[in-house]
Amino acid sequence: MTDIQLVQLAIAILFLPLLGFTAVIFAGMKIKKAYLIEVSIIILAFLASVFLMVQKLVYFPDVNIVKEFTWVNLGNTPLLGPIQWDLGIIVDNLSVIMIFVVTLISMLVHLFSIVYMHGDKRYNRYFAYLGIFTFSMTGIVFTHNMLMMYIFWELVGLSSYLLIGFWFEKKSASDASKKAFIVNRIGDIGMFSGILILFATYKTFTFETIFNEIAKGHLPFGSELWLTITGLLIFAGAIGKSAQFPLHVWLPDAMEGPTPVSALIHAATMVAAGVYLVVRIFALLSADALMIIATIGAISAFIPATIALTQNDIKKVLAYSTVSQLGYMIMALGVGAFHFAFFHLITHAFFKACLFLGSGSVIHAMHHEQDIRNMGGLKKKLPVTYATFLMSTLAISGVPLTSGFLSKDGILAGTWAFAGLTGNYLFAAVGFLVAAMTAFYMFRLVILAFHGEPRNKEKYDHAHESPWLMAMPLVLLAGLSVFFWYTPNPIDGGKGWFVSKWINEPTLVAPNKYEFFKEKEVSQISEANVVEHSAKSNANHEVMFSETYTEAMHHAHYPAMILSLIVAGIGIFFSFFIYQWKKADPEKIANKIKPLYNLSYNKWYFDEIYDATFVKGTLLLSSALAWIDAKIIDGIVDGSADVTRAISRFSGKFDSVVVDGLVNFMAYLSGFIGLIFRRFQTGKVQTYVVLVVFSLVIILFLLK
Amino acid sequence: MITIGLTHYLIISSILFSLGLFGIITRKNAIMVLMGVELILNAANINFIAFGKYNNYNHGQLYALFVIVLAAAEAAIALAIVLNIYKNFSTVNVDEIDTLKD
Amino acid sequence: MNFPYLSLLTFLPIVGMVLILFLPKTQSVVVKSITLVVTGLQVILAGFMLSSYNYALGGINDPNSFQFIEKFRWIEISNFSWLGTIKIDYFLGIDGLSVPMVLLTSIITFIATLASWKIDKQVKGYFALFLLLDTGMMGVFVALDFFLFYIFWELMLLPMYFLIGIWGGKRREYAAIKFFLYTLLGSVFMLLVMIGLYFSVQEILPDGSRVFTFNLLAMMDKANFIDGGILAPMSSLRMIAYIALFIGFAIKIPMFPFHTWLPDAHVEAPTAISVILAGVLLKMGTYGILRICYPIFPEITHQLGWYIALFGMINIIYGALCAMAQKDFKKLIAYSSVSHMGFVMLGMASMNTAGISGAILQMFNHGTITAMLFIIVGVIYDRAHTRGINDFGGLATQMPIYTGFVTLAFFAAIGLPGLSGFVSEAFVFLGAFNEAGIRVVTIISTLGILLGAGYMLWTLQRIFLGPLNEKWNQLKDLDLREYAMLVPLTIIIIFLGVYPSSMLNLMNSSVNAMVDFMAKAKILYGSVGGF
């Protein structure tokens, strides 16, 4: 296959799910089995993705195939020069791996949902929504362009909104969907502002062009500070979508959606989009930006981990674990462990999807029971679910021979190396602490749900293993949590094909970089295979991951691995100690550290704080403004009408009293005079005669 | 011996005029008012003739003749009016017929 | 002379009106059909016109690049005392600025006719006035002579007054009078400036004589101003005149703080009139600013650009916050219009191609999206006879297809990519952000995107989501007529969201001409002292 054909294949994969969405939305009104269109389309898309990945990784391992299309062209404009909006598709190693993950999990979730959602009254529409989600997510994966990223970013937000609120009859579900969209929009505003800065500076959205310009020293507003700010603004989008502190509050609520959706969107793929975004823009992030990103990642890894310790809802635990793991990845990116962040993104996608689908299987078996206090002993009833759940738990806890061990170990080594090179031990400390907590709460979950005696006998008795259509995805995903898919060496992911061969190193163009990233000469990539508008870099000097850092990571690897094994072991041990062997009463421990327990149990009161400040504040402001609008601004308008009317009343009075009064007075006066003279008018001829004679006499007398 | 002169005629006619006027003003009966009018006309006639005689101007008599004719006509019309007034108001008392006021 | 598209477009409704007036009162279906045919013909005519429209010609201040020009002497009085010759032209023509508006007017009027179908009170009068309104609106967008423009501007005012005042809701008289007086106030300002300009501008006729003129294009040429004319360049009165004219248009936009007539008018007006009011009438304000304020007073526009942006920002944020607090569905949409028209002002203030393209596109998109929103309100009001947001709940279960359209319209209004609102907002922001002077204002304005999502989704939740309010389990989903209104608008919204170039190319030359003109004028006029 030629590279052009690969791009065409990518476009086909992109639009297939949209086709599915449209078809199911329209056909779904009439045809009951319309969902099968969507399911077959997604299987097709998955097969295409596998083909694409294999083709790309085998035949074009070192080439980024880019194809750009002009969407809007305003031509050459007087003030701004050429304005052109391009949409770009990139087929590189990251995107093909990511598209494989997305379509695979999406397909499995489709299959899982056929059973899980069976009997829902909006069955077809559910699959349509899954279709539009897959479309949007595919768009994010293939984009090579900031604008297109934003477009699909928002579309993903839309599909997330639709799916979280799928059971909109529940108020909590519609609340959660609204919250998710709005919280995401906060991040999106930042991202959009970042895009504005980039467009104002470079007049393009294309990543490669922007990176090249920065490499040439062309910075936003000519300052490194602004480059940092731009990077952070775009990162704000990732904060929203990947549920990072302080915008993490929407993700746990998003569990109101159907569980397969949680697996697909709110664990494996969409929330990973934030990490994917940072991976894509990694080049332009300066050291200051990375430092802040790492800090946010660390906070987001730590706080949700503490919250997950005490939650009782099986999905809530997994949700907080997701936030925590995403924080891990972000932190890894922040300290420069680029490869392992992406690696962890992939491994996490599989085992977290497996965990969520497993929890879906449990919930399905228990007839929509989500509280782990009502479970227990399920391993006998749900052997397949248990096995796969345990496998994924081992992976997320970082037990050797699992994929999670490899990626987590790499991240920890990265933070360790970072600590060694910069003297900043904070991230390493958080990393190990969170690893211990993760192991603890995940095993707590497994033990409470699957081990011990059933605590709710009635529900337990009705529980049954899920049908093969639900079990198959679990097995597949659990299988993908084993090390050998990624590397032949079970204890060092860095040497495997996944990390060292498949993940291309990003070039670093930001002028302000970590000191351990050094410049080195890069040979030109052969132009033969590059499509027009090539993504090939023009710069001769490129900053790559330096030997120093790789070296440091290499040295940090074994100590970090041993330490991580120890902390994971401690976490698992305590979990068994408390919940399996019941050597300590969790209630007592909770009572001893009541304030801390409450803090954790109540999710650090984030929702309450946000509600009291931002939500209430905005509503208060809006009602205040509405009041001002109605009473003052409109009051002025109505007031001016009142004033006009008052004036008119006055002038009306003036008119009727003074002006008309004068007229009337004249009439009265003449009337009065007439009153006097009418006396003479007696109607008696004789009086007149007297008058005439009398007057005549006077006249004569006067004329004399 | 007092020669009769113009002055005497005039005095006579003034007296006649005054009597006529007095009659017009004071009488209640419309007929009597009409008679007053006749007196005044005759006073005028005396004047015409007297002035005509003493000024050697014969036209005075001519005018007097005219007046007599007119007076006759006037009396006829006036009497007809009075008759109609009587028909309408059942009275010839001029005090009561004050519709002219309106 | 070419086929008189513009005159036909403008006066076709009048023909329809005359026809209707000759019909007996009882023939209400015939009356409605005539209106539908006339407005339908208008759409077709606009389509034909578009097919022979030359995209390359700029227009704006160059009479030769206007298209479909119809120009002849309309009023001429020679040797009229000291004024000399009075002449007023019948001068119609369009460029890229007006083409989208003409299209919008024809489409929205057609859909509003459908929305009026259920009117049963004094049908004849309603549709006669409706068609008169149509003429007024179309005329405003095609007139190139200030006097003619003014006549059309006033012509549309009167039917609007009656349409709200007779066929409106409970407080219709209040709303109608408020609307009328407010707009009339603006017209007075406009009239004053118009007369001021008339006595400052002389046009050279083909025979070489110079006469005073109302020709808008002549007013845009600095050389045509007579020395010492009251509004000649360098005159300090120009600033005052500009502000007066601007306020005249701003009332129509409506710009904060002149916006309060809008919620009242919308709430009281019947659905179809709300659709026209929001879809077309509001655009006249911004169109007038672009057509008249900008090119005739370019130097002052540059001076006051920052304030235009500032008021745009206030509109965006303030409108959104006010919308959030509303309990009446229709009032909420009305305030959202205030917010969305703020984007238009922000885009105009940028005075570059991206911003002005965005502004005009936003005018068009807002016209279609808000029209759809008002139809949506009308649909639910027809059935439930209430518009209280909190009276509903769970309608998505009862009316799924309707809810689908609502969701689409709401997301279009909050600028979801793939739908038309996104493209125009993005262009507005890109353009505005490029101007260093208004950058801060632009960044604050992006908050509007967030607030928009806030109130729209909250409304969606309160009306359509949650458990079904049992009171409404009788409501029917859409009927054929409602499909006929919503589907075309949906298609336009999606089409322009996916392929915005179709509209952008239409106006591109004109926008570039405008930007070029404004940029050159900055040098040509120099800077003029303020007050």
Problem set entry | Matching helices (runs of 4 or more DSSP H) fully within the stretch A:411-501 where at least 2 residues are surrounded by fewer than 21 Cβ atoms within 10 Å (Cβ to Cβ) and modelled with pLDDT of 85 or more | A:426-450, A:468-479
For this session: Could you tell me whether the stretch C:453-461 includes any residue that is more than 30 Å from C:Tyr307 (Cβ to Cβ), more than 9 Å from every other protein chain (Cβ to nearest Cβ) and in contact with a helix residue (DSSP H, G or I) (Cβ under 9 Å, 6 or more places away or on another chain)?
Result: yes
Exercise. Given the conditions (1) more than 14 Å from chain B (Cβ to nearest Cβ); (2) closer than 30 Å to B:Ser18 by Cα; (3) aromatic (Phe, Trp, Tyr), which single one is not true for A:Phe677?
Worked result: (1)
For this session: Could you check how many residues of the stretch C:202-229 are among the small types (Gly, Ala, Ser), surrounded by 18 or more Cβ atoms within 10 Å (Cβ to Cβ) and assigned to a loop (DSSP other than H, G, I, E, B)?
Result: 1
Exercise. Got a sec? Which of A:Met270, A:Met255 is among the aliphatic types (A, V, I, L, M), more than 22 Å from A:Asn424 (Cβ to Cβ) and part of a helix (DSSP H, G or I)?
Worked result: A:Met255
Exercise. Does A:Ile676 fit the bill of being within 30 Å of B:Asp95 (Cβ to Cβ), at pLDDT 90 or above and either surrounded by 10 or more Cβ atoms within 10 Å (Cβ to Cβ) or more than 60 Å from the chain's Cα centre (by Cα) (or both)?
Worked result: no
Exercise. Residue check: is A:Leu702 under 16 Å from B:Leu21 (Cβ atoms) and either exposed (fewer than 11 other Cβ atoms within 10 Å of the Cβ) or more than 14 Å from every other protein chain (Cβ to nearest Cβ) (or both)?
Worked result: no
Problem set entry | Of the criteria (1) more than 8 Å from chain C (Cβ to nearest Cβ); (2) closer than 11 Å to C:Cys322 by Cα, which one A:Leu599 fails | (2)
Seminar exercise, completed: Of the residues in the stretch C:234-249 that are among the β-branched types (Val, Ile, Thr) and more than 24 Å from C:Ala223 (Cβ to Cβ), the one that is surrounded by the fewest Cβ atoms within 10 Å (Cβ to Cβ) is C:Ile247
Problem set entry | Any hit, the stretch A:355-371, residues being surrounded by fewer than 24 Cβ atoms within 10 Å (Cβ to Cβ) and either at positive phi or at pLDDT 90 or above (or both) | yes
For this session: Determine whether the stretch A:252-266 contains at least one residue that is modelled with pLDDT under 90 and either within 28 Å of A:Ala283 (Cα to Cα) or facing chain C (nearest Cβ under 9 Å) (or both).
Result: yes
Exercise. Would the stretch C:124-140 turn up any residue that is within 30 Å of C:Leu92 (Cα to Cα) and in contact with a strand residue (DSSP E or B) (Cβ under 9 Å, 6 or more places away or on another chain)?
Worked result: yes
Exercise. Which residue, of A:Val63, A:Val24, A:Val50, is more than 30 Å from C:Leu430 (Cβ to Cβ) and surrounded by fewer than 17 Cβ atoms within 10 Å (Cβ to Cβ)?
Worked result: A:Val50
For this session: Can you tell me which residue within the stretch A:66-92, out of those that are part of a strand (DSSP E or B) and away from chain C (no Cβ under 14 Å), is surrounded by the most Cβ atoms within 10 Å (Cβ to Cβ)?
Result: A:Val91
Exercise. Does at least one position in the stretch A:647-663 carry a residue that is within 14 Å of another protein chain (Cβ to nearest Cβ) and surrounded by 11 or more Cβ atoms within 10 Å (Cβ to Cβ)?
Worked result: yes
Exercise. Can you spot a residue in the stretch A:100-123 that is in a helix (DSSP H, G or I), at pLDDT below 90, within 14 Å of another protein chain (Cβ to nearest Cβ) and surrounded by fewer than 24 Cβ atoms within 10 Å (Cβ to Cβ)?
Worked result: yes
Problem set entry | the stretch B:13-28: number of residues that are among the hydrophobic types (A, V, I, L, M, F, W, C) and at pLDDT below 90 | 4
Problem set entry | Sole exception among (1) assigned to a loop (DSSP other than H, G, I, E, B); (2) more than 14 Å from chain A (Cβ to nearest Cβ) for C:Pro254, by number | (2)
Exercise. Scanning the stretch C:419-451 for residues that are assigned to a loop (DSSP other than H, G, I, E, B) and at pLDDT 90 or above, which turns out nearest to the other protein chains (Cβ to nearest Cβ)?
Worked result: C:Thr446
Problem set entry | Test set (1) assigned to a strand (DSSP E or B); (2) touching a residue at least 12 places away in the same chain (Cβ under 8 Å) - C:Ser78 fails condition number | (2)
Exercise. For the stretch A:617-646, how many residues meet the condition of being within 9 Å of chain C (Cβ to nearest Cβ) and of a type in the set (D, E, K, R)?
Worked result: 3
Problem set entry | Cross-chain or 6+ apart pairs with Cβ under 7 Å, the stretch A:682-694 first and touching a residue at least 24 places away in the same chain (Cβ under 8 Å) and farther than 10 Å from B:Ile25 by Cβ, then of a type in the set (Val, Ile, Thr) and part of a helix (DSSP H, G or I) | none
Exercise. Restricting attention to the stretch A:155-170, and to residues there that are facing chain C (nearest Cβ under 7 Å) and of a type outside the set (A, V, I, L, M), which single residue is surrounded by the fewest Cβ atoms within 10 Å (Cβ to Cβ)?
Worked result: A:Glu169
Problem set entry | Matching residues in the stretch A:4-15 - criterion: being more than 14 Å from chain C (Cβ to nearest Cβ) and surrounded by 21 or more Cβ atoms within 10 Å (Cβ to Cβ) | A:Leu6, A:Ala10, A:Ile13
Exercise. Taking C:Phe374, is it away from chain A (no Cβ under 12 Å), under 25 Å from the mean Cα position of the chain (by Cα) and either surrounded by fewer than 24 Cβ atoms within 10 Å (Cβ to Cβ) or among the basic types (Lys, Arg) (or both)?
Worked result: no
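The values are calculated or read from the model by the stated rules, or taken from the named source; none is laboratory data. The structure displayed is predicted, hence computed values, not measured ones. Virtual Cβ from ideal backbone geometry, glycine too; neighbours counted across all protein chains shown.
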